[in-house]
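Worksheet: one structure, shown below.
Just so it is clear, none of the values below were taken in a lab; they were calculated from the coordinates. In this text, all values refer to a predicted model and were calculated from it rather than measured experimentally. Here Cβ is always computed from backbone atoms with ideal geometry, including for glycine, and neighbour counts include all displayed protein chains.
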Amino acid sequence: MKQNTAFVTIIILLLLCVIFALTTGQYHIRLETLWDVISCKITGRPLSHELAIPSMILWSVRMPRVLMAILTGAALAVGGVVFQGIMRNPLVSPSFLGITHGAVFGASLAIIFFSKTALSIESFAFSWAIAAVLLVYLIGNRGINTMTTLVIAGVIVSTFFQAAGSVLKYLADPYEELPAITFWMLGGLNNVLWINVIRAFVIISIGILVIYIFRSRLNLMALGDEEAMSMGINVKSSRIIFMLFGTLIVAAGSSSCGIIMFVDLIVAHISRMIIGPDHTRLIPFAAILGAAFLLITDTIVRIMPGGEIPISIFTSFLGAPLLGYLLIKQANQWKA
Amino acid sequence: MMQNNDILAVEDICFSYREKRILNDITFSVKAGEICGLLGPNGSGKTTLLKCINRILENESGSIRIKGRNIAGFSREDIARLMASVPQELNIVFAFTVMQIILMGGTSRFGFSGIPVKRDYSNAMEILEELCIEHLAERRYNELSGGEKQMVLIARALFQKTDILLLDEPISHLDFKRQHTIMELIKKITRDRGLTTLITLHDPNAAGRYCDRLIMLNRGCIVHQGLRDKVFHAESLEAIYDMRIKIEYTDRGTEYVLPDYIQ
């Protein structure tokens, strides 16, 4: 009952965030106008003269941005849940496994040495994120305590890609390439087009669906490898599935919006606290909360007085103290 | 050599970890309905043997047969339908409830989705009632005492609905009363449900009191094995623990094992 209330609350919260994001900005759109534009689009009625500008802003600028924020927020949060589950640690995130730094390295590589088109940057970021995770798996999947070796391998691969990314920044042209790399590293949804949304929608929805289908394995893996094995789970193949699809959705989100820090960690952690560890409820809950969280933060950075700031700055300022607070609260619970 | 009523037969099992031989030519069999105790000092290979039987560890040589079938090529799901395992201790990071933990035991029976249906909840509740721990169903597993956790893990193993139970030192962390409560429970469910139980124990008194058959290990080798009455004597215990041991009797004729230097 309590859990159902939590679900209804965050669904309402997400809807309110969507309405707020669509109507708020430099060009204010009233609720009635929003309704008129949407109903005209649905029914196929021709738009009146005064609805032409709001309609253009909504469909060309705000709608793709809002949908991208929803998709990326959901992807990051579910990615966080997946990696926390398979690592059995509520304080890890995809960036622990080198995904983030692999993606930054790939994007920087594309910006400096190849084409600067969105498609080129996205595909490079995506492929290097996958390469980073594969590397982590190859290094870490040895020894008896695979979970610990995987986390250590994640730290090794992250550090390596961080160093390689710094070399690329050093080599980058300071007037053209460096600002592009820096913007990508700080993240932002301001250049999102419908084509990005469609691409992200296909990959993220398939990825989350596959993860959700295998959710019972994630529950067992959260108990430990030997426990999962003795209850009938092939741990190696399951880990590959979760690492691959977890990376896929995170990389699909990051490849269009750049690096958005802390959303994966914070939302997954808060979702666990509210809804519990059972992935049947945790995965959809985290997806909705992640969508709402990223949408509201993106809307705030968009309407900031003095102009838009990169979203990662805001999520990090919000996320770091929140994580500190959660840690202190948890430590007090353990003491009690 | 496997006999008709043997449910589990282990033949010439060897296992090494980093070139160190942990198990050396282990051969024994267990008959259906028996409680078989694995007894031996720390590092004798009891837990490793249990993990080899459950195929969590891959043995280098030898075979494990369940009801006459070699399980070498079995999938993890097939093995989970044959035997359920109760670890010595399970510490989990996430706040799963007791009911969620127990339902996980049935994953191998739930089909591809691995998700329980309504009937599974009532079956799990029946098991909790049988073990008199139904009041724990919605409690968080992490908040339970050591004895309660052990009861929950046994309930999960029963929910797995297998013919064989593997228990790894289930009483080593428990107080005196809880040790006997858990051992009595293991004896009762083995008899009532017609199970076969393989249990590693540190306490020779518990082994002598509750087991039908004993496998005595030292340094990865079987030193003595057989029916409890044939192998449970001071000489066999001295051989596995490398110390002087005497067995005394209470007024009611119950045996108890003591180190020989205690007067």
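Yes/no per residue for (1) farther than 20 Å from A:Pro310 by Cα; (2) within 14 Å of another protein chain (Cβ to nearest Cβ); (3) under 14 Å from the mean Cα position of the chain (by Cα):
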{"position": "A:Asp173", "(1), (2), (3)": "yes, no, no"}
{"position": "A:Glu177", "(1), (2), (3)": "no, no, no"}
{"position": "A:Leu186", "(1), (2), (3)": "no, no, yes"}
{"position": "A:Leu189", "(1), (2), (3)": "no, no, yes"}
{"position": "A:Val192", "(1), (2), (3)": "no, no, no"}
{"position": "A:Arg199", "(1), (2), (3)": "yes, no, no"}
{"position": "A:Ile204", "(1), (2), (3)": "yes, no, yes"}
{"position": "A:Leu209", "(1), (2), (3)": "yes, yes, no"}
{"position": "A:Phe214", "(1), (2), (3)": "yes, yes, no"}
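Among the residues of the range B:191-203 satisfying the criterion of being of a type outside the set (Val, Ile, Thr) and part of a strand (DSSP E or B), which is surrounded by the most Cβ atoms within 10 Å (Cβ to Cβ)? I'd like the intermediate steps shown before the answer.
Filtering the range B:191-203 down to residues of a type outside the set (Val, Ile, Thr) leaves B:191-195, B:198, B:201-203.
Within this subset, residues satisfying the condition of being part of a strand (DSSP E or B) are B:198, B:201.
On the way: B:Leu198: 27, B:Leu201: 25.
Among those that are of a type outside the set (Val, Ile, Thr) and part of a strand (DSSP E or B), it is B:Leu198.
So is B:Leu167 outside any helix (DSSP H, G or I), surrounded by fewer than 20 Cβ atoms within 10 Å (Cβ to Cβ) and in contact (Cβ under 8 Å) with a residue 12 or more places away in the chain or not? Even if it seems obvious, please write down each step before you answer.
Details: outside any helix (DSSP H, G or I): yes; surrounded by fewer than 20 Cβ atoms within 10 Å (Cβ to Cβ): no; in contact (Cβ under 8 Å) with a residue 12 or more places away in the chain: yes.
Here the answer is no, as B:Leu167 does not meet what is asked.
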Completion exercise
A:Val61 passes all but one of the listed conditions (1) in a helix (DSSP H, G or I); (2) without any contact (Cβ under 8 Å) to a residue 40 or more places away in the chain; (3) in contact with a helix residue (DSSP H, G or I) (Cβ under 9 Å, 6 or more places away or on another chain); the exception is number (3)
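Checking the condition surrounded by fewer than 23 Cβ atoms within 10 Å (Cβ to Cβ), over 14 Å from A:Asn219 (Cα atoms) and away from every other protein chain (no Cβ under 14 Å), which residue from B:Gly147, B:Gly111 passes? Please lay out each step first, then the result.
Numbers: B:Gly111 fails: away from every other protein chain (no Cβ under 14 Å).
Going through B:Gly147, B:Gly111 in turn, the sole match is B:Gly147.
Given the options A:Val133, A:Val197, name the one that is within 23 Å of A:Gly73 (Cα to Cα), crowded, with 23+ Cβ neighbours inside 10 Å and touching a residue at least 40 places away in the same chain (Cβ under 8 Å). Before you say what the answer is, go through the steps one by one.
Values: A:Val197 fails: crowded, with 23+ Cβ neighbours inside 10 Å.
Sole residue among the options that is within 23 Å of A:Gly73 (Cα to Cα), crowded, with 23+ Cβ neighbours inside 10 Å and touching a residue at least 40 places away in the same chain (Cβ under 8 Å): A:Val133.
Return the only residue of B:Glu130, B:Glu138 being away from chain A (no Cβ under 14 Å) and surrounded by fewer than 17 Cβ atoms within 10 Å (Cβ to Cβ).
Working: B:Glu138 fails: away from chain A (no Cβ under 14 Å).
Answer to the check: B:Glu130.
So which helices (runs of 4 or more DSSP H) stay within the range B:204-248 end to end and still have 1 or more residues that are of a type in the set (S, T, N, Q) and at negative phi? If you could, list the steps in order and put the result at the bottom.
Numbers: elements: B:204-210, B:228-231, B:234-241.
So the answer is B:204-210, B:234-241.
Is it fair to say B:Ser122 is not in a helix (DSSP H, G or I) and not acidic (Asp, Glu)?
Numbers: not in a helix (DSSP H, G or I): no; not acidic (Asp, Glu): yes.
So B:Ser122 fails the test.
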Problem - Condition met for A:Gly290 (away from chain B (no Cβ under 14 Å) and either closer than 18 Å to A:Val92 by Cβ or in contact (Cβ under 8 Å) with a residue 24 or more places away in the chain (or both)) - result: yes
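Of everything in the range B:45-96, what is away from every other protein chain (no Cβ under 14 Å) and assigned to a loop (DSSP other than H, G, I, E, B)? Give them in sequence order. Talk me through it step by step, then tell me what you get.
Let us first name the residues in the range B:45-96 that are away from every other protein chain (no Cβ under 14 Å), namely B:45-46, B:49, B:59-70, B:72.
Within the range B:45-96, B:Gly45, B:Asn59, B:Glu60, B:Lys67, B:Gly68, B:Ala72 qualify.
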Completion exercise
Going through the range A:224-239 in order, the residues found to be under 17 Å from B:Pro87 (Cα atoms), free of Cβ contacts under 8 Å to residues at least 24 places away in the same chain and not in a helix (DSSP H, G or I) are A:Met231, A:Gly232, A:Ile233
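State yes or no: is A:Ala103 over 23 Å from A:Glu227 (Cβ atoms), among the small types (Gly, Ala, Ser), crowded, with 24+ Cβ neighbours inside 10 Å and free of Cβ contacts under 8 Å to residues at least 24 places away in the same chain? I'd like the intermediate steps shown before the answer.
Working: over 23 Å from A:Glu227 (Cβ atoms): yes; among the small types (Gly, Ala, Ser): yes; crowded, with 24+ Cβ neighbours inside 10 Å: yes; free of Cβ contacts under 8 Å to residues at least 24 places away in the same chain: no.
The answer is no for A:Ala103.
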